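Chemist: Shown below is the structure under consideration.
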Amino acid sequence: MTDLDLTGRTALVTGGAQGLGEGMAHTLAAAGARVLVADVQDDLGAKVAESLGDGHAFTHLDVTDDTQWEAAVATAVEQLGGLDIVVNNAGVEITSLLVDVEPAAVRRMLEINLLGTTLGLKHAFRTMRPGGAAGRGGTVINVASVAATIAFPGIAVYSATKSGVDRLTRVGAMEAGKLGYGVRVNCICPGLVPTAMGIGLANDVAGIGLFGSAEEAVQGVVDLTPSGRLGEISDMTDAVLFLASDASRFVNGVALSVDGGMGM
Ligand SMILES: NC(=O)c1ccc[n+]([C@@H]2O[C@H](COP(=O)([O-])OP(=O)(O)OC[C@H]3O[C@@H](n4cnc5c(N)ncnc54)[C@H](O)[C@@H]3O)[C@@H](O)[C@H]2O)c1
């Protein structure tokens with residue numbers, strides 16, 4: 001197998017200040033990429049970039065803001081030498097039964113999960129395609145969710161946004177291919193990982209009465225998982241590394257489930 005070396009490449013990771021995004025930034029940097037950590041949490045994001053060492057940087061990026069995306073990809077090109085990998089990882093989950101759904105919460109999930117990923121694709125394509133400011137093609141990895149592949153109560157809107165990320169991925173791959181951008185587009189569908197979001201979700205589905213406690217919610221997920229455990233950050237970062245590297249050079253337009261078999 002071709003190795004997973006990313007030396008000479010530049011990666012931008014959204015939502016890189018904590019959780020899965022922080023792990024992805026570390027894994028991509030360890031594989032040799034220069035990493036631009038992008039997030040709305042400036043202090044945490046800057047600390048992550050600093051912990052990666054020299055040759056990496058942080059930029060403030062609200063993924064819902066088109067102008068901030070323009071500035072972020074320009075930073076990658078001007079400060080870190082190009083743009084070869086974009087990981088659209090930033091996302092939010094707000095638990096609610098459909099009967100209780102709040103329009104503001106729906107809009108927030110649509111904006112960050114769907115608009116944010118769409119703008120990430122837009123600016124990745126513009127920058128990476130021939131004639132773009134980086135111009136050497138590349139790879140985009142979107143972060144969907146096992147929620148796009150199952151019907152788990154309490155997370156209907158979140159699940160819908162992640163199904164949207166899955167479809168954006170496939171159409172994005174086709175568009176990039178047909179128009180000769182030289183960019184592959186794939187997504188991962190992580191299972192539940194006990195990050196701030198994952199722990200919050202377990203608490204929230206218990207809080208709305210679907211489970212007796214957060215521990216029971218977690219056990220419910222584990223019981224639905226053939227591999228018999230929750231996901232770990234490294235499970236997700238290894239999948240992202242594969243999709244970012246030439247080892248996946250003929251993998252395009254797929255949703256890679258990294259969920260221990262929960263979503264079948
Ligand atoms: N943890 C899980 O169980 C799980 C499972 C499946 C999918 N996912 C997905 O993985 C991704 C990362 O999740 P996580 O568990 O690390 O969550 P997290 O809440 O720990 O981290 C999310 C990060 O995204 C950032 N963010 C939020 N809104 C933003 C915006 N508008 N612009 C830029 N950054 C923004 C936050 O500041 C934070 O650093 C999300 O897309 C999530 O939906 C997580």
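Chemist: Which peptide among 4-11, 129-136 comes first, and what is the full order, when sorted by highest mean count of other Cβ atoms within 10 Å?
Modeler: Ranking, from highest mean packing down: 4-11, 129-136.
Chemist: Kirkwood Rh and Cα-based Rg: tell me the resulting Rg over Rh for the chain, rounded to two decimals.
Modeler: Reported Rg/Rh, Kirkwood definition of Rh: 0.96.
Chemist: Can you give me the % of accessible surface on the chain that is carbon or sulfur? Probe 1.4 Å, all protein chains present, nothing else counted.
Modeler: The C+S portion of the solvent-accessible surface of the chain is 54 percent.
Chemist: Sort the following peptides by mean Cβ neighbour count (other Cβ atoms within 10 Å, averaged over residues), highest first: 235-242, 14-21.
Modeler: 14-21, 235-242
Chemist: Determine, from the Cβ-Cβ distance of Met264 and Leu97 and an R0 of 25 Å, the FRET efficiency 1/(1 + (r/R0)^6), rounded to the nearest 0.05.
Modeler: E(calc), rounded to 0.05, equals 0.50.
Chemist: Output wanted: per-residue J couplings in Hz (rounded whole) for region 130-138, from phi through Karplus 6.51 cos²θ - 1.76 cosθ + 1.60, θ = phi - 60°, x for Gly and Pro.
Modeler: x, x, x, 4, 9, x, 10, x, x
Chemist: In addition: Cross-link partners among lysines for Lys122, C-alpha distance below 17 Å, same-chain residues fewer than 8 apart left out?
Modeler: Within the straight-line limit of under 17 Å, Lys122 reaches these lysines: Lys178.
Chemist: For region 43-195, would you read off the P(r) tail past 26 Å as a percentage of all alpha carbon pairs?
Modeler: So the pairs more than 26 Å apart make up 30 percent of the total in region 43-195.
Chemist: Once the Cα atoms of helix 116-128 and of the chain are each reduced to a long axis, what angle between those two axes, in degrees from 0 to 90 to the nearest 10, is obtained?
Modeler: With both axes taken from Cα atoms, the answer is about 20 degrees.
Chemist: Fully extended, how many nm does the chain gain between Lys122 and Thr67 (0.36 nm per residue separation, minus their Cα-Cα distance)?
Modeler: Extra length from Lys122 to Thr67 when fully extended: 18.6 nm.
Chemist: How far, in degrees from 0 to 90, does helix 196-207 lean away from the longest principal axis of the Cα atoms of the chain, to the nearest 10?
Modeler: The helix 196-207 is inclined about 20 degrees to the chain.
Chemist: Hey, can you grab everything whose amide H is under 5 Å from the amide H of Phe58? Only 5+ residues off in sequence or another chain; H modelled, so Pro and N-termini drop out.
Modeler: Long-range HN contacts for Phe58: Val37.
Chemist: Per residue, how much accessible area does the chain have with a 1.4 Å probe, in Å²?
Modeler: So the chain comes to 43 Å² accessible per residue, rounded to a whole number.
Chemist: Helix 233-244 against the longest principal axis of the chain: what's the angle in degrees, Cα atoms only, rounded to the nearest 10?
Modeler: Approximately 40 degrees, to the nearest 10.
Chemist: Using the per-residue mean of other Cβ atoms lying within 10 Å as a proxy for protection, in what order, highest first, do the peptides 223-233, 148-158, 94-104 fall?
Modeler: 148-158, 223-233, 94-104
Chemist: What does the extension gain come out to for Glu215 and Leu44, with contour length at 0.36 nm per residue minus their alpha carbon separation?
Modeler: 58.7 nm
Chemist: Report the calculated FRET efficiency for Arg107 and Asp3 (r = Cβ-Cβ distance, R0 = 51 Å), to the nearest 0.05.
Modeler: FRET efficiency, Arg107 to Asp3: 0.75.
The values are calculated or read from the model by the stated rules, or taken from the named source; none is laboratory data. All values derive from a computational prediction rather than experimental measurement. Virtual Cβ from ideal backbone geometry, glycine too; neighbours counted across all protein chains shown. These area figures cover heavy atoms from the full protein model, side chains too; ligands, DNA and RNA do not enter into them. Shrake-Rupley method; radii C 1.70, N 1.55, O 1.52, S 1.80 Å.
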